[in-house]
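What follows draws every value from the coordinates through simple rules; no lab data is involved. Note that the coordinates shown come from a computational prediction; the quantities given were computed from them, not determined experimentally.
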Amino acid sequence: MTLSYSHAHQQGSGTTEVVAVLVAITEHTARVLTVDQGKLLPNGPLMPLHRSLQAGVRQWVEEQTQQPLGYLEQLYTFVDTNRRNVDGHALVYVSYLGLVQEIQTQQLQSQALWRDWYDYFPWENHLDGIPSIIMNHIVPALLSWADSAKDSGIQQRRCQRIGLCWGVSEALLVGDMPTGKNANNEYTAYEHYENREWVAEHVLLRYEMLYEAGLIPEAPNYPPSYSMNHQSAHQSSYQNKLPENWSQLIGVPMYYDHRRVIATAMSRLRAKIEYRPLIFGLMPDVFTLSQLQQSVEALSGVRLHKQNFRRLLDSQKLVTETGQSSSAQRGRPAKLYRFRHDIELQSLLMDSKLPKRK
C-alpha cells in the first residue's frame, strides 16, 4: 500500500498506537532510528497483551528494529484526524523519547535505518552558522504567507510569530531594513537576522508554523504542483512564489505526523539538557571533554563556549577523571572522563544554562 503524507489509514478496530523517537549520538551527529526507508518511526498498535504503554513501545521497537533501549520517557499524545480505523474513529498515538547507544547496522532489522535528524529539519542546524535556507527561502515564504491574510490583525500576529520563532529582527519584518542580495540571489544581511535570539528549543513551534502555512508536504494544504510542475487550483499566491526545488530544500518528509513527533522530541530534549544531564545517556562509558561538548552541540544545533562549558562541568561536578588518556593519532592525548553516577539526576543542572558562544 502506498501511503501519502496525510493519509486516512484503516488498519483495524484499534484506536491507539505507540510511537518511539529513539535518539543516538554517533560521530558527534544526532540521529534518529526510523523504519520504512526513513518515512516512519518505530510504531505499532497498543494491544491487550501489553501491560502498559511502555511495554508496547518496547515490544514494537524490538520487533521492528532490534535496537536495545535505554532511557525512555513518555513524550506526548497526538490525535491524528487524518487517520481513522474501520469504525471511523480518529487514531490516537502516544509517543515516547528514548536515548540509546546506536548498534551496528548489520545488527538492525533490514527495515530499520538511522538518519541524521537534520535531514528532516535542515533549518535547525546552526553549527556552521545560520543556514541559508532560513533567510533565502523560509522567512520570505512565511512573510508572504503573513501578507496573504485578509485581516490586518492576523497579518500582524503572524509577523510577530515569525520574528519570535525564527529570530527575525523587527526591522526586517516590517520592511524598514534593506536586505540586499548577492549575485546568487541570496540575502546578505545576516547580521540583521541575528538581532533577535534564536531559541533552539522552539523546534516544534517552527515546524507547526511551516505546517500551518502549507509549506511542508505533510500539510493538507500543501500543493501537489511543487513536485508535478503544474499549478494547482487551491495553491495560494504566496505558494506560487516558491522555488522549483522547494521539496528538496525543506527536508525529508515522513508519513502521518511522524516528523511532528520528532520535532516534539527535539524540543523536549533541547530544553531538558539545559537542566538535566540527559546527554550522558547518549555517551559511552568514558569520553573526552571535547567529545562531550560536541555531543551537546549536536543536540542543541549551536556551538558552545569551550571554557564556559568546562567551567560549568567543574562547578556542577558532573564528571570525574578516569586517570587514563585517549590514544590520539595526532596531537596531545586528551584525558578521559566518566559521568559521576552518585549525583542526583533530577536537580543536577537546575538553574544553569548552556554557555552559547557569542
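Here is how the numbers come out for the structure above:
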| read-out | value |
| --- | --- |
| Descending principal axes extents, region 16-120, alpha-carbon based, whole Å | 45, 29, 24 |
| Under-5 Å amide H pairs with TYR71, H placed in peptide plane, nonlocal only | LEU99 |
| Volume per residue of the C-alpha convex hull in region 23-80, rounded to whole Å³ | 122 |
| Listed pairs LYS272/LYS306; LYS150/LYS272; LYS39/LYS150 exceeding 28 Å between Cα atoms | LYS150/LYS272; LYS39/LYS150 |
| Whole-Hz ³J(HN,Hα) from phi, Karplus 6.51 cos²θ - 1.76 cosθ + 1.60, for region 64-75, glycine and proline x | 8, 10, 6, 7, x, 9, x, 4, 9, 9, 5, 9 |
